[in-house]
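Novice: Quick one: the structure is below, questions incoming.
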Amino acid sequence: MTLSRLLSRYLPPSKPARRPFELVYAADECPPPAALGLLALQHAAIVLALIAHVLAAAKIAGLSLPQTHSIVAMTLLGMALGTAAQAWGGRLGSGTLLVFQPDPMMITVAGAAIASQGVGALVQVTVVTALVTMGLGPLMRHLRPLFPPTVVGTVICMGGLALVEPAVRNALGVSGSGAQLQLDGISALISGTALSCIVALSVWGGRRFRLLGLLVGILAGLLIAELTGRLVGLDWLAGAPLMALPQPVTPSFSLGPGILMAIVLIAALNQLDNIGCLIVMDKTNNADWRRADMQMVGRGIRANGASDLISGLVGSFPTAPSSANIALVHATGSSARVIGLAAAGLLLLIALSPRLTMALTLIPHAVLGAVELYAAAYLIVSGIEMIATRALDSRGIFMVGLSLCAGLATLLMPGLSAGLPESLRFLAGDGFVVAGLAVVLLNLLFRLGTRRSASSPLETMGGPLNHQITDFVERQGKAWSARSEVVQRAALAALEAAEALAAAGRGRPCSLRGDFDEFNLDIELLHEGPALPLSAGQAPDIDAWLNGDDDSALDVAMQRVSSVLLRHLADRVESRDIGGGHAVLRLHFDH
């Protein structure tokens, strides 16, 4: 039995979706063994480089090498478990290629917890994070109004912007601050070589070499690092065993309420990033994507919490989806779930090899900076693209703009949070958290008082009828943050409906009404006289009617043309009498 047949037999099926043409391997497809191995190796290589987040927390806590190695090995087990659960899907997991990394938002708080209460405090940090995550998972389906595409797009864009500063520091070897900044030419050479290879193969590499872009970039960066003497410490790896079971961490549950509050708040706000990554992958796999599938998001969040809970009990660092790996999905055009399963297998194998886990500490920061720069560029553009899927009025513009301003201000002026209590300083000092919290709160504020239905009279002295109709539909579409293409189609359909009423002798419509929720947009035209008859079937043969002598038959034919056009522009058309000598023509659009 081939691998593809084996997977199709046992893997839970993904939801039906139209395959995007740009994908080389879609979610439920299986690449050939050679391509599968290369893709899985690249995904594993990225998150192995991001194990630097654990090393940063260990440095803050002042841990010894054996303690650091133990946390790294356990974290790799947690990353493998989370990645496999997401790829598998079903009732627990999103069914997407989402590879997990050590959670960068937990570096400071985890380092502080370990420094104050010992390495065993990491167990409490991860378990509390997992419980918060699992508690929020079942609520996702009810939280759709909190996370429209404009909110999620802002969070994704801010995530990319937050990566820029550390990425540039790593890539250019920046040291010092202010006017004393110094750049390292060798670091710039290493990161420039790696980034150039990634971009060149992603853009010009074609179908085959596109799959190798990130791996070739990392290897090229490591080669330059070796040639320039920046790849050091290889000699002490010889004494480490090749395979051995990692040593679990002895748990400690003694953290104070202040730091526990910070952990809970960071874990809750971190779900914004989780939601953004899950939605980006859902959008990647669906050419007809319209809105967030919050049930899928909920399953993905529950899987993240469950894997963290299991691995956290033995000393794993909290994990989160890796944005850099999402960028790799985009670069290679490959979102097959089996790649996630293979990458999870590689992470598990490396976790059982002390020699390999120790080698992770040797990856030069310049190589990591190149990967982070690529991920930042992808996330910024993806966020802007998601924001642009919805029409924005002044509320939406201020919601997105002010949130990004708040996040960027926090990034550029880190001293803003210095006067806050320590439990809040972790939150207010993180630009990503500030922007995410701001966009959610502003979305709630600006949506208060926004009516989901509106009407407008169509007055004779109010200007041309087509201008009044177009202005109403576009104005309300922006106020409701409806999808731009649906608003444009609704405006065209309303204009065609007005012309159909005039051609049928119903005269000028009296008023226009619109109703909206996240799934439906309805436009109603109130007019005098009986309901407009709607013809079914295909449009008539216009040439035959034009060459004929029956003018009344031509009028009937043109009415049938209008009916066909309305049915083509709108998803459903209804016409009914409402009494008092008036009728309503209703245009429905799926949103």
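Novice: So for the chain, taking the charge dipole from beta-carbon charges (+1 Lys/Arg, -1 Asp/Glu), which of 333, 189, 55 sits furthest toward the positive end?
Specialist: Of 333, 189, 55, it is 55.
Novice: By how many nm would the segment from residue 398 to residue 116 lengthen if fully extended, with 0.36 nm per residue of separation less the alpha-carbon distance?
Specialist: 97.4 nm
Novice: Fewest first, what order do 489, 475 take by the number of other Cβ atoms within 10 Å? Don't skip to the answer; put the middle values down first.
Specialist: Values: 489 19, 475 16.
Ascending Cβ contact count within 10 Å gives the list 475, 489.
Novice: Something else about it: Let me have the relative contact order for the chain, percent, based on Cα pairs under 8 Å that are six or more residues apart.
Specialist: It rounds to 21 percent for the chain.
Novice: Now for a separate question. Would you mind estimating how fast the range 183-292 diffuses translationally, via Stokes-Einstein at 10 °C and 1.306 mPa s with the Kirkwood radius over Cα pairs, in µm²/s?
Specialist: Translational diffusion coefficient: 82 µm²/s.
Novice: Let me ask something else. Going 7 Å from the Cα of residue 453 along its beta-carbon direction, which residues of the range 471-500 have the amide nitrogen within less than 18 Å of the resulting point?
Specialist: Answer for this model: 473, 476-477, 480.
Novice: Mind listing the Cα extents of the range 25-447 along all three principal axes, in Å, largest one first?
Specialist: So the extents along the principal axes, rounded to whole Å, are 61, 54, 52.
Novice: Next up: What is the spin-label model distance, in nm, from residue 253 to residue 518 if the labels are put 7 Å beyond Cα along the C-beta direction?
Specialist: 3.6 nm
Novice: What is the distance in Å between the Cα centroid of the range 395-430 and that of the range 241-275?
Specialist: Centre-to-centre distance over Cα atoms comes out at 24 Å.
Novice: Can you work out the Karplus-derived ³J(HN,Hα) for every residue in the range 345-356? Use 6.51 cos²θ - 1.76 cosθ + 1.60 with θ = phi - 60°, whole Hz, and x for glycine or proline.
Specialist: In residue order, the calculated couplings are x, 5, 4, 5, 4, 5, 4, 8, 10, x, 5, 6 Hz.
Novice: Still on this model: Quick one: 168, 486, 119, fewest Cβ neighbours within 10 Å first, how do they rank?
Specialist: 168, 486, 119
Novice: If I take R0 = 51 Å and measure r between the Cβ atoms of residue 420 and residue 34 in this structure, what FRET efficiency does the formula 1/(1 + (r/R0)^6) give, to the nearest 0.05?
Specialist: On the way: r = 53 Å, r/R0 = 1.05.
With R0 = 51 Å, the Cβ-Cβ based efficiency is 0.45.
Novice: Another question about this same structure. In the P(r) worked out for the range 145-226, what percent of Cα pairs fall beyond 17 Å?
Specialist: Tail fraction, whole percent: 63.
Novice: Sticking with this one: Under a straight-distance cross-link criterion of Cα-Cα below 29 Å, which lysines are reachable from residue 478, leaving out those fewer than 8 residues away in the same chain?
Specialist: Straight-distance partners of residue 478: 283.
Novice: Please report the net charge: other residues with Cβ closer than 13 Å to the Cβ of residue 50, K and R +1, D and E -1.
Specialist: Residues near residue 50 contribute -2 overall.
Novice: In what order do 283, 59 fall by count of nearby beta-carbon atoms within 10 Å, going from fewest to most?
Specialist: 59, 283
Novice: Would you mind calculating the gained length between residue 181 and residue 485 on full extension (0.36 nm times residue separation, minus the Cα-Cα distance), in nm to one decimal?
Specialist: Gain on stretching residue 181 to residue 485: 104.7 nm.
Novice: Okay, next question. Counting only helical runs of four or more DSSP H residues, what would the 222 nm mean residue ellipticity of the chain come to if each run contributes -39,500 (n - 2.57) and the total is spread over all its residues?
Specialist: Value at 222 nm, helices only, nearest 500: -19500 deg cm²/dmol.
Novice: Could you name the aspartates and glutamates whose alpha carbon sits less than 14 Å from that of residue 15, not counting residues in the same chain fewer than 8 places away?
Specialist: 28, 29, 282, 288, 293
Novice: Would you mind counting up the charge near residue 289? Only other residues with Cβ under 10 Å from its Cβ, with Lys and Arg at +1 and Asp and Glu at -1. Could you put the intermediate results ahead of the total?
Specialist: Working: positive: 18, 283, 290, 291; negative: 282, 288, 293.
Counting the neighbours of residue 289, the net charge comes to +1.
Novice: A follow-up question, please. Would you grab the residues whose amide H sits under 5 Å from the one on residue 572? Only those 5+ places off in sequence or on another chain, please, with H modelled 1.01 Å from N.
Specialist: For residue 572, whose amide H was placed from the backbone, the distant partners under 5 Å are 588.
Novice: What longest range of the chain stays clear of loop-exposed chymotrypsin sites (Phe, Trp or Tyr not before Pro) (DSSP non-H/G/I/E/B, at most 13 other C-beta within 10 angstrom)? Numbers along the way, then the final one.
Specialist: Working: sites that count: 21, 253, 519.
That would be 254-518.
Novice: Can you give the FRET efficiency to the nearest 0.05 for residue 467 and residue 310, using r as the Cβ-Cβ distance and R₀ = 51 Å?
Specialist: Details: r = 62 Å, r/R0 = 1.21.
The formula returns an efficiency of 0.25 here.
Computed from the coordinates by the stated procedures, all read-outs in this text should not be read as laboratory data. The model shown is predicted, which means the values in this text are computed figures rather than measured ones. Methodologically, a virtual Cβ is constructed for each residue, glycine included, from the backbone with ideal geometry; neighbour enumeration extends over all protein chains shown.
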